[in-house]
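See below for the structure under consideration.
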Amino acid sequence: MNSKRQGILSIFLSRVLYFGVGISYILAYGNNFTIINFLIGFILGFILLLLMLKGDWNNFFKSLLGRIIILSMAFFLVNNCLVAVAVLGSNFYLINTPPILIIVPLFILILYGVKKGLAATLRLSDILIFISIITGIIAILSIQKNIDFNNYLPMEILDKTDTLKCIISSAFYSVSPIILELSFLKSDEVNKKAIIIGYLIGSFTIFLMILCIIGIFGGNFALLFRYPEYILLKKVNLFNQFEHLETFLSIIWFNDLLITSLIAGLLINKVFNGKWLYIVSILHLCFVYFFFINNYQHILLLYHYTFHILGMLTILGCIGSIINCKFLKR
């Protein structure tokens, strides 16, 4: 995997958890101060990323503990992606369509991509990053005129515990998925500069999104929306002629979800290949549908505990991969 593609994957992976979970969660605990909290979380995430880059995740994945941790992360991210697509689709696009009919096409697409291999996913990422950049620029340029700077005030800390949650969660949302990418790369293949640049670009785009959401809706009003990042796209208006482009522009988020699911699926395929991949995948799909999508209370639990699960897996993984790397050097 060349350095350009490592950077591209880092962009997708550092953004994926903000759709459906991340942005609404940090807004709930940070309100207008989310802007500052995110910047602090970005710095904390950067430090955590540097720590992650010291480990040998590829060799760690070969150990039993490494497989448990990294596969747990992979299944968890696929789980989040399927839930995000199902909830968005059933609430905004296909209201009368059963959620199972929304996620099955995505599930089949993921399986198809996994069978095509890593090279096909990397080629797809080259195309999708270009589409994401174009649509992102269109969205930002067309909604900035709706920003009211009064909405950024008052910017104050309401609760220290909530502020801490906002900072720590934003760090893990950005960094934890990059573990999947590192698990594919041997220690001598990792281009630290490319991965860091990808993280910086991904985080910057999320920061712009948060600025726009608070600037247009205000921190309190934005909390009324289940998907404020999607509602924001409804404000896009090109040349006062083209409106209601949110369906097209939401491809920005779909690209993140798809690439992340494919990378996670490819890691799962390293352990469960052949017919076992299909068996495990179908069981996982049934679990996601009946335990989460069919039960809104469980979706709320997932929403509140995502960063706790990410934090536990990331910290354990960092410790294990660094120890594994030191052991191999000896």
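The values are calculated or read from the model by the stated rules, or taken from the named source; none is laboratory data. None of the values given here were measured: they were computed from a predicted structure. All Cβ positions, glycine included, derive from the backbone under ideal geometry; neighbour counts span all protein chains shown.
Tell me, yes or no, whether segment 112-128 has at least one residue that is closer than 25 Å to residue 231 by Cβ, modelled with pLDDT of 90 or more and in a helix (DSSP H, G or I).
The answer is yes, given that some residue of segment 112-128 is closer than 25 Å to residue 231 by Cβ, modelled with pLDDT of 90 or more and in a helix (DSSP H, G or I).
Considering only helices (runs of 4 or more DSSP H) fully contained in segment 232-325, which possess at least 2 residues that are modelled with pLDDT of 90 or more and loosely packed, with under 13 Cβ neighbours inside 10 Å?
275-287
Where the second residue is of a type in the set (Phe, Trp, Tyr) and in a helix (DSSP H, G or I) and the first is under 12 Å from residue 178 (Cβ atoms) and in contact (Cβ under 8 Å) with a residue 12 or more places away in the chain and lies in segment 41-58, which pairs have Cβ atoms under 9 Å and are six or more apart or on separate chains?
45/172; 45/173; 45/199; 46/199; 48/172; 49/199; 57/184
Answer with yes or no whether residue 152 is within 17 Å of residue 252 (Cβ to Cβ), of a type in the set (Ser, Thr, Tyr) and either buried (at least 17 other Cβ atoms within 10 Å of the Cβ) or out of contact with any Phe, Trp or Tyr (no Cβ under 7 Å at 6 or more places or on another chain) (or both).
no
Looking at 132, 187, which is the one that is surrounded by fewer than 20 Cβ atoms within 10 Å (Cβ to Cβ), of a type outside the set (Phe, Trp, Tyr) and touching an Asp or Glu at 6+ places or on another chain (Cβ under 9 Å)?
So the residue among 132, 187 that is surrounded by fewer than 20 Cβ atoms within 10 Å (Cβ to Cβ), of a type outside the set (Phe, Trp, Tyr) and touching an Asp or Glu at 6+ places or on another chain (Cβ under 9 Å) is 187.
State the number of residues belonging to segment 1-56 that are among the basic types (Lys, Arg), out of contact with any helix residue (DSSP H, G or I) (no Cβ under 6 Å at 6 or more places or on another chain) and crowded, with 18+ Cβ neighbours inside 10 Å.
Going through segment 1-56 one residue at a time, the tally reaches 0.
Can you pull out every residue in segment 6-35 that is modelled with pLDDT under 90 and among the β-branched types (Val, Ile, Thr)?
Selection gives 21, 23, 26, 34, 35.
Cβ-Cβ below 8 Å, separation at least six or inter-chain, first residue in segment 138-158 and part of a helix (DSSP H, G or I), second of a type in the set (Gly, Ala, Ser) and surrounded by 13 or more Cβ atoms within 10 Å (Cβ to Cβ): which pairs?
Pairs that qualify, where the first residue is part of a helix (DSSP H, G or I) and the partner is of a type in the set (Gly, Ala, Ser) and surrounded by 13 or more Cβ atoms within 10 Å (Cβ to Cβ), are 146/215; 149/215; 151/215; 151/218; 151/219; 152/215.
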